[in-house]
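Undergrad: Dropping the structure in here first, questions after.
The values are calculated or read from the model by the stated rules, or taken from the named source; none is laboratory data. Keep in mind that this is a model prediction, so the values were computed, not measured. Neighbour counts are summed over all protein chains in view; Cβ atoms, including those assigned to glycine, are modelled from backbone coordinates with ideal geometry. Ligands, DNA and RNA are excluded from the accessible area calculation, which covers all protein heavy atoms including side chains. Shrake-Rupley method; radii C 1.70, N 1.55, O 1.52, S 1.80 Å.
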Amino acid sequence: MPTADPHQDLRRGVRDLCRAFPDSYWRDLDRERRYPETFVRALTDAGYLAALIPEEYGGAGLGVTEASIILEEINRSGGNAAACHAQMYTMGTLLRHGSDAQKQTFLPQIATGALRLQAFGVTEPTTGSDTTQLKTFATRHGDRFIVRGQKVWTSRAEHSDLLLLVVRTTPLEQVRKRTEGLSILLVDLRRSVGRGLTIRPIRTMMNHATTELFFDDLEVPAGALVGEEGQGFRYLLDGLNAERILIAAECIGDARWFVERATRYANDRVVFNRPIGQNQGVQFPIARAYANLEAADLMRFRAAELFDRAEPCGAQANMAKLLAADASWEAANVAVQTHGGFGFAEDYDVERKFRETRLYQVAPVSTNLILAFIAEHVLGLPRSF
Ligand SMILES: Cc1cc2nc3c(=O)[nH]c(=O)nc-3n(C[C@H](O)[C@H](O)[C@H](O)COP(=O)(O)OP(=O)(O)OC[C@H]3O[C@@H](n4cnc5c(N)ncnc54)[C@H](O)[C@@H]3O)c2cc1C
C-alpha cells in the first residue's frame with residue numbers, strides 16, 4: 001500500500017529496481033570495465049532518468065530533490081549512479097537555455113530513452129579547473145561551426161547519443177572578461193564519430209567509462225548552439241549547483257552503504273570470543289561516520305530545497321558536495337578498517353565502492369576549489385586565484 005510520504009514511495013521504487021542488480025552484477029562489470037547497459041536501460045524504462053524532464057515533454061516533471069533521491073538510492077543499494085547521472089545535471093542547460101525547437105526535438109526522445117544525453121565535455125588536458133582557459137574552439141562558417149581541440153575525462157561519450165560541449169567561440173584576447181566568449185553546443189555524437197571526432201577510452205581505478213575526445217575540424221550545425229553565443233559560462237554556472245547537489249546525494253548513498261556494511265560486519269565478526277563491534281575502538285568510528293553522513297545529508301536537502309524553489313543555493317550546494325564527499329570517504333575508510341583483511345577482497349565489494357567514492361574528492365569539482373569558493377564568496381576572504 002502506498003505510504004503518505006512521496007519520497008518513501010520513490011525510494012522504495014528505486015530500491016526494488018536495484019534489487020535486480022545485486023553486488024555480483026556491479027562486481028563483474030567492474031572487473032571487466034564494462035558499462036552497466038542493462039541497468040541504465042531498466043532505469044530509463046522505469047522513467048527515473050526522465051525525472052527532471054517536464055511532463056509536457058514526456059518526463060516526470062520532478063525536482064532536484066527527487067532526482068537526488070533516485071541517485072542516492074542507486075548508490076545505497078551498492079550500485080554506481082555515475083553510469084547515468086549526467087543526464088540529470090546536463091538536462092537543466094537544455095531546459096533553461098535551449099530553443100523550443102531543440103526541446104521539442106530532443107526532450108521527448110531523451111524521456112523515452114530513444115536518445116541518451118549522458119556526456120558533458122568541459123575539462124581539457126591543459127586547462128584543468130580553470131575553465132575559462134579552455135582552448136577547444138568553434139569557428140562559425142555560415143550555418144555551421146567547425147570545432148577543433150581536445151577534451152579529457154568526457155565520461156560516457158561511448159554510451160551517449162548527445163554531448164553537451166563547452167567551447168570557446170571568441171578568442172580570450174578579444175573578450176573583456178575571461179568568462180565571456182564561451183558557448184555550448186549540443187553535439188550529435190552519432191553523426192560526429194569518425195567525421196572529425198575521435199573518442200579514446202581512458203582506463204581508470206574504477207569502472208567509469210571515461211574518455212578523451214579529439215576534435216579535428218568537426219562540423220556541427222549552427223542549430224546545435226544552446227542559447228546565445230558567448231554566454232556559455234553563465235549557462236555552465238547555472239547547471240553546476242544541480243550537479244553539486246546530485247553528486248552530494250550519491251556520496252550520501254555511498255556513505256549509508258559503507259555504514260550499513262560496516263555495522264553488519266562488526267555485529268557478525270567474532271574475534272577474541274566477542275563481536276568486534278563490541279569494542280569501542282571499532283564502534284566509535286562507525287558511529288562518527290554515521291553522525292557526519294547525517295549532518296551532510298541535512299545540507300544536501302537544504303540545498304535541494306532552495307534549488308527547487310529557484311532561490312540562490314550556490315553556498316549550500318557547494319557545502320553539500322564538500323561535506324557529503326568527506327562523509328562518504330570517511331565511511332569508506334571506516335568500512336575497510338572494520339572489515340580488516342576482507343575489506344580488500346573483491347568479493348566483499350567494500351574495496352570497489354571505496355575506489356568509486358574516492359573520485360568525489362576530485363570530480364566534478366575538487367575539494368580545494370569548493371573551499372576557495374566558500375572562502376571568497378561566502379566569507380569575503382581575498383580571491384586566491
Ligand atoms: C573519472 C573522472 C570522470 C570525469 N568526468 C568528467 C566529465 O564527464 N566531464 C568533464 O568535463 N570533466 C570530467 N572530469 C574532470 C574533473 O571534473 C576534473 O578532474 C576536476 O575538475 C579537476 O580538474 P583537473 O583534473 O584538471 O585538476 P587540476 O585543476 O589540474 O587540479 C589538480 C589538483 O590541484 C588542486 N588545485 C588546482 N588549482 C588550485 C588552487 N588554485 N588552489 C588550491 N588547489 C588547487 C586541485 O584541487 C586538484 O587537487 C572527470 C574526472 C575524472 C577523474
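Undergrad: Inside region 129-149, can you point out the residues that are of a type outside the set (Val, Ile, Thr), within 12 Å of the ligand (Cβ to nearest atom) and touching a residue at least 60 places away in the same chain (Cβ under 8 Å)?
TA: Of everything in region 129-149, those that are of a type outside the set (Val, Ile, Thr), within 12 Å of the ligand (Cβ to nearest atom) and touching a residue at least 60 places away in the same chain (Cβ under 8 Å) turn out to be Ser129, Asp130.
Undergrad: May I pose another question? May I ask you to say which residue of Arg309, Arg261 is surrounded by 16 or more Cβ atoms within 10 Å (Cβ to Cβ) and among the basic types (Lys, Arg)?
TA: Criteria check complete, one pass: Arg261.
Undergrad: Let me spell it out: the conditions are (1) in a helix (DSSP H, G or I); (2) within 25 Å of Arg244 (Cα to Cα), and Gln283 meets all of them except one. Which number is the exception?
TA: Of everything listed in (1) in a helix (DSSP H, G or I); (2) within 25 Å of Arg244 (Cα to Cα), Gln283 misses just condition (2).
Undergrad: Name the pairs whose Cβ atoms lie under 9 Å apart, with the first residue in region 64-77 and assigned to a loop (DSSP other than H, G, I, E, B), the second open to solvent by 10 Å² or more (accessible area, probe 1.4 Å), and 6 or more positions between them or separate chains?
TA: Ser77/Arg15; Ser77/Leu17; Ser77/Arg19; Ser77/Phe21; Ser77/Pro22
Undergrad: Okay, next question. Residue pairs, Cβ under 7 Å, 6 or more apart or interchain, first in region 116-128 and closer than 13 Å to Phe214 by Cα and open to solvent by less than 40 Å² (accessible area, probe 1.4 Å), second of a type in the set (D, E, K, R) and near the ligand (Cβ under 7 Å from one of its atoms). List them.
TA: Once the first residue is closer than 13 Å to Phe214 by Cα and open to solvent by less than 40 Å² (accessible area, probe 1.4 Å) and sits in region 116-128, its partners that are of a type in the set (D, E, K, R) and near the ligand (Cβ under 7 Å from one of its atoms) give Gly121/Lys151; Glu124/Lys151.
Undergrad: Quick check: anything in region 155-166 over 21 Å from the mean Cα position of the chain (by Cα) and more than 15 Å from the ligand (Cβ to nearest atom)?
TA: no
Undergrad: Filter region 206-246 for residues that are farther than 17 Å from Arg190 by Cα and acidic (Asp, Glu); which is least open to solvent (accessible area, probe 1.4 Å)?
TA: Within region 206-246, the match that is least open to solvent (accessible area, probe 1.4 Å) is Glu243.
Undergrad: Next question. All but one of (1) assigned to a helix (DSSP H, G or I); (2) closer than 21 Å to Met206 by Cα hold for Leu43, so report the exception by its number.
TA: If we test Leu43 against (1) assigned to a helix (DSSP H, G or I); (2) closer than 21 Å to Met206 by Cα, just (2) comes out false.
Undergrad: List the pairs whose first member sits in region 253-267 and is more than 18 Å from Gly340 (Cβ to Cβ), whose second member is open to solvent by 10 Å² or more (accessible area, probe 1.4 Å), and whose Cβ atoms are under 6 Å apart, counting only residues at least 6 apart or on separate chains?
TA: Gly253/Arg76; Arg256/Arg76; Trp257/Arg76
Undergrad: Also, quick follow-up: Quick check on region 250-268. Is at least one of its residues closer than 28 Å to Ile69 by Cβ, part of a helix (DSSP H, G or I), touching a strand residue (DSSP E or B) at 6+ places or on another chain (Cβ under 8 Å) and modelled with pLDDT of 95 or more?
TA: Within region 250-268 (the criterion being closer than 28 Å to Ile69 by Cβ, part of a helix (DSSP H, G or I), touching a strand residue (DSSP E or B) at 6+ places or on another chain (Cβ under 8 Å) and modelled with pLDDT of 95 or more), the answer is yes, since at least one residue qualifies.
Undergrad: Same structure, new question: What's the number of the condition Arg191 fails, among (1) more than 9 Å from the ligand (Cβ to nearest atom); (2) open to solvent by less than 60 Å² (accessible area, probe 1.4 Å); (3) without any contact (Cβ under 8 Å) to a residue 12 or more places away in the chain; (4) not polar (S, T, N, Q)?
TA: (2)
Undergrad: Give me the pairs, please: first residue somewhere in region 348-366 and closer than 25 Å to Glu124 by Cβ, second residue anywhere and more than 10 Å from the ligand (Cβ to nearest atom) and not in a helix (DSSP H, G or I), beta-carbon distance under 7 Å, and either six or more positions apart or on two chains.
TA: Glu356/Asn80
Undergrad: Ok, one more. Where in region 307-385 are there helices (runs of 4 or more DSSP H), lying wholly inside it, with at least 1 residues that are within 16 Å of the ligand (Cβ to nearest atom), acidic (Asp, Glu) and more than 21 Å from Glu66 (Cα to Cα)?
TA: The qualifying helices (runs of 4 or more DSSP H) are 314-339, 350-358.
Undergrad: Could you list all residues from region 91-103 that are of a type in the set (S, T, N, Q) and either modelled with pLDDT of 95 or more or buried (at least 24 other Cβ atoms within 10 Å of the Cβ) (or both)?
TA: Passing the criteria: Ser99, Gln102.
Undergrad: Residues being under 20 Å from Glu243 (Cβ atoms) and of a type in the set (Asp, Glu): count how many of those fall in region 107-143.
TA: 2
Undergrad: For Glu37, state whether it is out of contact with any strand residue (DSSP E or B) (no Cβ under 8 Å at 6 or more places or on another chain), touching a residue at least 12 places away in the same chain (Cβ under 8 Å), within 18 Å of Leu162 (Cβ to Cβ) and among the acidic types (Asp, Glu).
TA: It is true that Glu37 is out of contact with any strand residue (DSSP E or B) (no Cβ under 8 Å at 6 or more places or on another chain), touching a residue at least 12 places away in the same chain (Cβ under 8 Å), within 18 Å of Leu162 (Cβ to Cβ) and among the acidic types (Asp, Glu).
Undergrad: Filter region 69-88 down to residues that are open to solvent by 10 Å² or more (accessible area, probe 1.4 Å) and touching a Gly at 6+ places or on another chain (Cβ under 6 Å), then give me how many there are.
TA: Qualifying residue count for the region: 1.
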